[in-house]
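Enquirer: Sending over a structure as structure tokens; questions will come in a sec.
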Amino acid sequence: MNSLRIAVADGIVISWRNLKRVPRIPELAIFAILQSIMFVLLFAFVFGGAIPLPGGGSYREFLMPGIFVQTLAFASVTTAIAVADDMTKGLIDRFRSLPMARSAVLSGRTFADIVYNIGLLIVLMLTGLVIGWRVHSGVLDFIYGVLLLLFFTYAMAWIGVFLGLSVPTVEVAQQLGFLVIFPITFLSNAFVPIETLPAALQPIAEWNPISALTGAARELFGNPNPFASNSFPGEHPIFMSIVWTIALLAVFMPLAIRKYRAIDR
Amino acid sequence: MAVIEAEGLVKVYRSRKSDVRALDGVDLDVQEGTVLGLLGPNGAGKTTAVRVLTTLLRADEGRATIAGLDVARDAQAVRRLIGLSGQYAAIDENLTGRENLWMFGRLYQLGTHDAKERATELLTRFDLEKAADRVAKTYSGGMRRRLDLAAALIGRPKLLFLDEPTTGLDPRSRLGMWDVIRTQVREGATLLLTTQYLEEADALADEIAVVDQGKIIARGTADELKTQVGGERIEVVVHDRDLLERAAQLIAPDGSASIDEHTRRLTVAAEGGAQQLVDVVLRLGEEQIRVDDVGLRRPTLDDVFLALTGHAAETAPESEETAAPTTAEGESA
């Protein structure tokens, strides 16, 4: 299995170079963290008091899993920007002119994204602990929850690869973050209980993958989860998270790979 | 033995507005140990040709082989033989020079130790050892190009492709780059380079192929091409427009001088070289015709184009989407 060994070795080299970016452009990670912390502060201290939780419980504990999912959803934008940058700077062409494993550019990219987002998640969890978020479940449930979040991150990274290969410039990739990810995260249970949304929007929010992930994380971390009521996705957030993540991967992974292969057309 | 062989390469970029034939039947062959310069304006199809030969782009028609290996079918084997330095320095700006070379060496399937040694060797050779451990985004344009070329050489390729290696460099960096390329050539590299400058092709290539609108319209040594163009010429800018006719008579009694009324410029072929220039100046001086400028001029790419195609070298951005949809007005050559 010499080709498999090359694929792994090349993937590691590509991951290494993608992760080198983090300490070399510290602003990227710092702004990503600051943006999330700003949301934590904004919702925990400004809006939180005005948002009633059906069934009671701490709003801050309700909030943190939503923040985790929102931050990880932005993994797609980070990836898209980086891929678009590599495309416009000719790096992808250079890689394609080398006798390296063809899969490595994308596998190395998405693997590095997982590692990077583990780092972000740790910082956010520490932030959560500071403002009063706690895990009330067992170790296994906690690990299960984290793995679900990372699986979701992996799917988001593949969406990012597809977008990064599709957009003409880095700026367009940046705009996508604001135009797509923000509305999707707000139309969910990440910040407010779905019951407080207008009736017309409730079904959308219930079937939103962000809601499924947030609900699953709340359930597995033992945080207040008013989402767990009266609709199928509301009652089965863990199942829905897995279904959604597999569905997103099943669509965007082949799309991204096909897009990458078609660069030589 | 021909290291590069291409036959009837056609590449059409399709877009909503119009189809652009970036390559319109290109035949090429480059012998081992020689340098071929592809000379042409932006949008002529030079970069497209390089991209097809380096496995980055699939041709619609025709076939090309590198050392007998088909660029489409045996792409991975071809990639082991070639080094490519593209139009834009394709290096990772967030890695140091050393890290860049190590990475490309590893991806060229060198062992990690070999890649490290090779990186150090190339950094020294390309005068980058002082900057080796600085992040590449702090490099000057010339340094980036040298690092990019070093990256192309990391796997000791048999064959080197340089796509406009000096475009955008200041004159001093350009000369530095020429030195580096000449060293490669002296050491026996087989090289295909593209350029917009006749001067550059002249300085570096054994043979030049002139490319226009996706076709190779002429091929030969620099001297052969210049002879086709008519070699050197004398240019005189006359101060007083009324004396233009008279001056034209003086510098070319046979009436072969071309006259540009607007710029008051006279141009005449200078087979006699510098001595003919002296004669012209003396004759003008005797008649007391004031001149603003006088000189012996070597043919430029524009002259080559004008002579070969009957139209001036048109400049259009050479990107895939907009590659030079020039009109077919060049048949009169």
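The values are calculated or read from the model by the stated rules, or taken from the named source; none is laboratory data. The shown structure was predicted, so the numbers you read here are calculated from the model rather than taken from an experiment. Every residue, glycine as well, gets a Cβ built from its backbone with ideal geometry; the counts of neighbours run over all protein chains shown. Accessible surface areas use protein heavy atoms only, side chains included; no ligands, DNA or RNA. Shrake-Rupley method; radii C 1.70, N 1.55, O 1.52, S 1.80 Å.
Enquirer: Looking at A:T185 and the list (1) out of contact with any helix residue (DSSP H, G or I) (no Cβ under 6 Å at 6 or more places or on another chain); (2) among the polar types (S, T, N, Q); (3) part of a helix (DSSP H, G or I), which single condition is not satisfied?
Expert: Of everything listed in (1) out of contact with any helix residue (DSSP H, G or I) (no Cβ under 6 Å at 6 or more places or on another chain); (2) among the polar types (S, T, N, Q); (3) part of a helix (DSSP H, G or I), A:T185 misses just condition (1).
Enquirer: Between a residue in region B:166-178 that is assigned by TED's automatic domain parsing to the domain that holds B:R144 and any residue that is surrounded by fewer than 16 Cβ atoms within 10 Å (Cβ to Cβ), which pairs come within a Cβ distance under 6 Å, given they are 6 or more apart or on different chains?
Expert: B:L169/B:G141
Here is a yes/no grid of residues against (1) modelled with pLDDT of 85 or more; (2) under 26 Å from the mean Cα position of the chain (by Cα); (3) open to solvent by 20 Å² or more (accessible area, probe 1.4 Å):
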| site | (1), (2), (3) |
| --- | --- |
| B:K215 | yes, yes, yes |
| B:D223 | no, yes, yes |
| B:I234 | yes, yes, no |
| B:A248 | yes, no, no |
| B:A274 | no, no, yes |
| B:D279 | yes, no, yes |
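Enquirer: Give the residues of region B:79-112 that are modelled with pLDDT under 95 and open to solvent by 50 Å² or more (accessible area, probe 1.4 Å), sorted by residue number.
Expert: Matches in region B:79-112: B:R80, B:Y88, B:Q109, B:T112.
Enquirer: Sort through A:R134, A:R94, A:R109 and tell me the only one that's part of a loop (DSSP other than H, G, I, E, B) and either away from chain B (no Cβ under 13 Å) or buried (at least 19 other Cβ atoms within 10 Å of the Cβ) (or both).
Expert: Numbers: A:R94 fails: part of a loop (DSSP other than H, G, I, E, B); A:R109 fails: part of a loop (DSSP other than H, G, I, E, B).
It is A:R134.
Enquirer: Which ones in region A:219-240 are in contact (Cβ under 8 Å) with a residue 40 or more places away in the chain, in a helix (DSSP H, G or I) and touching a Phe, Trp or Tyr at 6+ places or on another chain (Cβ under 7 Å)?
Expert: Scanning region A:219-240 gives A:L220, A:F221, A:G234.
Enquirer: So, one more: Give the residues of region B:80-104 that are within 23 Å of the chain's Cα centre (by Cα) and not in a loop (DSSP other than H, G, I, E, B), sorted by residue number. Outline the logic, then answer.
Expert: Within region B:80-104, the subset within 23 Å of the chain's Cα centre (by Cα) is B:81-91.
Scanning region B:80-104 gives B:I82, B:G83, B:L84, B:S85.
Here's the yes/no breakdown for (1) touching a Phe, Trp or Tyr at 6+ places or on another chain (Cβ under 8 Å); (2) closer than 11 Å to A:Q70 by Cα; (3) surrounded by fewer than 22 Cβ atoms within 10 Å (Cβ to Cβ); (4) free of Cβ contacts under 8 Å to residues at least 60 places away in the same chain:
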{"residue": "A:I159", "(1), (2), (3), (4)": "yes, no, no, no"}
{"residue": "A:L165", "(1), (2), (3), (4)": "yes, no, no, no"}
{"residue": "A:A173", "(1), (2), (3), (4)": "no, no, no, no"}
{"residue": "A:I184", "(1), (2), (3), (4)": "no, yes, yes, no"}
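Rundown of residues vs (1) open to solvent by less than 10 Å² (accessible area, probe 1.4 Å); (2) of a type in the set (S, T, Y); (3) within 14 Å of chain A (Cβ to nearest Cβ), yes/no style:
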site	(1), (2), (3)
B:T34	no, yes, no
B:G37	yes, no, no
B:N42	no, no, no
B:K46	yes, no, no
B:A49	yes, no, no
B:V52	yes, no, yes
B:L56	yes, no, yes
B:R63	no, no, no
B:I66	yes, no, yes
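Enquirer: Taking B:D133 as the residue in question, decide whether it is more than 17 Å from B:G86 (Cβ to Cβ), assigned by TED's automatic domain parsing to the domain that holds B:E199 and not in a helix (DSSP H, G or I).
Expert: Values: more than 17 Å from B:G86 (Cβ to Cβ): yes; assigned by TED's automatic domain parsing to the domain that holds B:E199: yes; not in a helix (DSSP H, G or I): yes.
It is true that B:D133 is more than 17 Å from B:G86 (Cβ to Cβ), assigned by TED's automatic domain parsing to the domain that holds B:E199 and not in a helix (DSSP H, G or I).
Enquirer: Quick test for you: out of A:V46, A:V8, A:V69, pick the one residue that is away from every other protein chain (no Cβ under 14 Å), open to solvent by 10 Å² or more (accessible area, probe 1.4 Å) and either in a helix (DSSP H, G or I) or of a type in the set (F, W, Y) (or both). Lay out the reasoning, then the answer.
Expert: On the way: A:V8 fails: away from every other protein chain (no Cβ under 14 Å); A:V69 fails: open to solvent by 10 Å² or more (accessible area, probe 1.4 Å).
Sole residue among the options that is away from every other protein chain (no Cβ under 14 Å), open to solvent by 10 Å² or more (accessible area, probe 1.4 Å) and either in a helix (DSSP H, G or I) or of a type in the set (F, W, Y) (or both): A:V46.
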